[in-house]
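Here is the structure we will look at.
The values are calculated or read from the model by the stated rules, or taken from the named source; none is laboratory data. Note that the structure is predicted; figures quoted are calculated from it, not measured. No Cβ is skipped: glycine too gets one built from the backbone with ideal geometry, and neighbour counts run over all protein chains shown. With ligands, DNA and RNA removed, areas are computed over all heavy atoms of the protein, side chains included. Shrake-Rupley method; radii C 1.70, N 1.55, O 1.52, S 1.80 Å.
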Amino acid sequence: MALFTVVEAERELGKLWPVLDQIVEVRADAAELAASLVAGGVPTLLGGLPEWKAAQARLDELMTEVQQTGAELKGLAPLLVDFPAEVDGVPVLLCWLEGDPELGWYHRVDLGFAGRRRLP
């Protein structure tokens, strides 16, 4: 597993913004389509079962694109992207959460999101 420096992770996150934006858009479409498919669901102009399956396939493609960078996609709603790194010789994950304006957090690998701290 390759480790990122903070600068490398920030650069990769910048490249990923368009992909992450697409994930948010397709995720919303998939949720709306899924809701319309259940009994008594409200019809949507987005389509039906074929469009829902296409949205799911597109989400899989986009998530794979994120993973191929070496980043780890840990959550879909909200989006949570981690970048393996070290801080002071300790294995950490540089952590970006949907809504964060930048990469500004990290947590120890063994603590997970609950141990999230501001980058020094």
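Data table
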quantity: Vicinal HN-Hα couplings computed from phi for segment 26-40 (Karplus, 6.51 cos²θ - 1.76 cosθ + 1.60; Hz; Gly/Pro x); calculated: 5, 4, 5, 4, 4, 5, 5, 4, 4, 5, 6, 8, 6, 4, x
quantity: Integer Hz, Karplus 6.51/-1.76/1.60 couplings in order for segment 57-69, x for Gly and Pro; calculated: 5, 5, 4, 4, 4, 5, 5, 4, 4, 5, 4, 5, 7
quantity: Rounded accessible area of residue 17 (nearest 10 Å², 1.4 Å probe); calculated: 90
quantity: Chain lengthening between residue 53 and residue 100 when straightened (0.36 nm per residue, less Cα-Cα); calculated: 14.0 nm
quantity: Farthest positive-ward along segment 6-87 dipole, Cα basis, beta-carbon charges - from 47, 9, 80; calculated: 47
quantity: Cleavage-rule hits, trypsin sites (Lys or Arg not before Pro), segment 46-120, DSSP coil, Cβ neighbours within 10 Å at most 15; calculated: 116
quantity: Summed side-chain charge close to residue 58 - residues other than residue 58 whose Cβ falls under 12 Å, Lys, Arg +1, Asp, Glu -1; calculated: -4
quantity: Residue 69 long-range amide H proximity, modeled H, under 5 Å; calculated: none
quantity: Exposed-site-free run, longest, the chain (rule: GluC sites (Glu not before Pro); DSSP loop; at most 15 other C-beta within 10 Å); calculated: 1-97
quantity: Label-point separation in nm, residue 8 to residue 88, each point 7 Å along Cα→Cβ; calculated: 2.2
quantity: Accessible area (Å², per residue) of the chain, counting only protein heavy atoms and a probe of 1.4 Å; calculated: 59
quantity: Length gained when the stretch residue 17-residue 35 is fully extended (0.36 nm per residue, less Cα-Cα span); calculated: 3.8 nm
quantity: With every protein chain in place, the chain: carbon and sulfur % of accessible area (1.4 Å); calculated: 58
quantity: Whole-number D in µm² s⁻¹ for the chain, Kirkwood Cα-pair radius fed into Stokes-Einstein, 10 °C, 1.306 mPa s; calculated: 102
quantity: Given charges at beta-carbon only (K, R positive; D, E negative), |dipole| of segment 18-120 in Debye; calculated: 280
quantity: Using a Förster distance of 30 Å, the FRET efficiency for residue 44-residue 114 (Cβ separation, nearest 0.05); calculated: 0.25
quantity: Ranked order, 19, 109 - accessible area, probe 1.4 Å, largest first; calculated: 109, 19
